[in-house]
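One structure is given here, and the rest of the page talks about it.
The values are calculated or read from the model by the stated rules, or taken from the named source; none is laboratory data. Computed from a predicted model, the values in this text were never measured in an experiment. Note that each Cβ is placed from the backbone with ideal geometry, even for glycine, and that neighbours are counted across all protein chains shown.
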């Protein structure tokens, strides 16, 4: 009861800010992507390897910790765009629809008209990608998963989520939400797996361009690849995609990416857009890494800062994620 009362008061205080911001920016919208790092419920699913995220396993993943994480994610979403929450959100490392429902219906997001699109993927850990959208702004037309697994070799990975819909009753958007195979087993050896996923996207994008060469396409996700990796570079080059990400700094310490591993920042979370969207004369774009102070902590092993994650091994820290979210702000130019 205490948690519910606190959430209610938090939502009540937000309403004046949200209403004033929404009225001011009716023609603008934003797109967020966030790897939320293991948003598992607390139940054991016998069909997936999720045992560590249960109350009785070594991580002691309890309902209290789950809702702490849910509220942390909702706080990021609500404050990501100056209290005008993103109209479209891509998420990865979501276990199931239960976790999504708790996020959009039982947190600070519950009055923002968010809906979700989610498909169970064959990933062995049971983590999926998902799309959230605010129904006031975006209307889906069709959506489905694009399979990237290979059953013949018993290799299973996350599907790509594809959605076609209409934004602000005018622009048709084609959206791909991704979580590409990790670098487990070595970057070079695993790159072949990411190339396969890139080829799946390329096939679908080609079919879209065949119908409309100026199609407005958004490809976002955790690609586990930087811009110069063969898989991502090839996709960007051949499918006419681009990124206009602005890397800023905090407290004079450079945040040079969305993820940090062994002291090295890398930009592996991206929001890519087609030339048909980027070249629009009526739109301008701001694309950046979100780096709120509460998402970071001092990197004592190396230097500077690092994302404040939920766990460090078996030790509970209570942060939101080991990734930083990225956001694309789309604004109407004056006179349009």
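Among the numbered conditions (1) closer than 18 Å to residue 70 by Cα; (2) surrounded by 16 or more Cβ atoms within 10 Å (Cβ to Cβ), the only one that residue 318 does not meet is (2). Counting the residues of region 56-96 that are part of a loop (DSSP other than H, G, I, E, B) and either without any contact (Cβ under 8 Å) to a residue 12 or more places away in the chain or on the phi < 0 side of the Ramachandran plot (or both) gives 14. Of the residues 122, 16, the single one that is surrounded by fewer than 18 Cβ atoms within 10 Å (Cβ to Cβ), closer than 30 Å to residue 181 by Cβ and modelled with pLDDT under 95 is 122.
For residue 82, the conditions (1) surrounded by 15 or more Cβ atoms within 10 Å (Cβ to Cβ); (2) modelled with pLDDT under 95 are fulfilled apart from (1). Counting the residues of region 183-208 that are farther than 17 Å from residue 160 by Cβ and in contact with a helix residue (DSSP H, G or I) (Cβ under 8 Å, 6 or more places away or on another chain) gives 3.
Checking each residue in region 141-164 for being within 18 Å of the chain's Cα centre (by Cα) and more than 19 Å from residue 190 (Cβ to Cβ) picks out 143, 144, 145, 146, 161, 162, 163, 164. Residues that are more than 23 Å from residue 245 (Cβ to Cβ), part of a loop (DSSP other than H, G, I, E, B) and without any contact (Cβ under 8 Å) to a residue 60 or more places away in the chain within region 304-335 comprise 313, 317, 334, 335, listed in sequence order.
Across region 52-80, the number of residues qualifying as under 14 Å from residue 134 (Cα atoms) and touching a strand residue (DSSP E or B) at 6+ places or on another chain (Cβ under 8 Å) comes to 1. Inside region 109-142, residues that are in contact with a helix residue (DSSP H, G or I) (Cβ under 8 Å, 6 or more places away or on another chain), in a loop (DSSP other than H, G, I, E, B) and in contact (Cβ under 8 Å) with a residue 40 or more places away in the chain make up a count of 3.
Restricting to region 281-303, and then to whatever is in contact with a strand residue (DSSP E or B) (Cβ under 8 Å, 6 or more places away or on another chain) and without any contact (Cβ under 8 Å) to a residue 40 or more places away in the chain, can you tell me which residue is nearest to residue 218 (Cα to Cα)? Result: 297.
Scan region 294-303 and tell me whether some residue there is under 17 Å from residue 81 (Cβ atoms), at pLDDT 90 or above and either over 18 Å from the mean Cα position of the chain (by Cα) or surrounded by 12 or more Cβ atoms within 10 Å (Cβ to Cβ) (or both). Yes, region 294-303 contains a residue that is under 17 Å from residue 81 (Cβ atoms), at pLDDT 90 or above and either over 18 Å from the mean Cα position of the chain (by Cα) or surrounded by 12 or more Cβ atoms within 10 Å (Cβ to Cβ) (or both).
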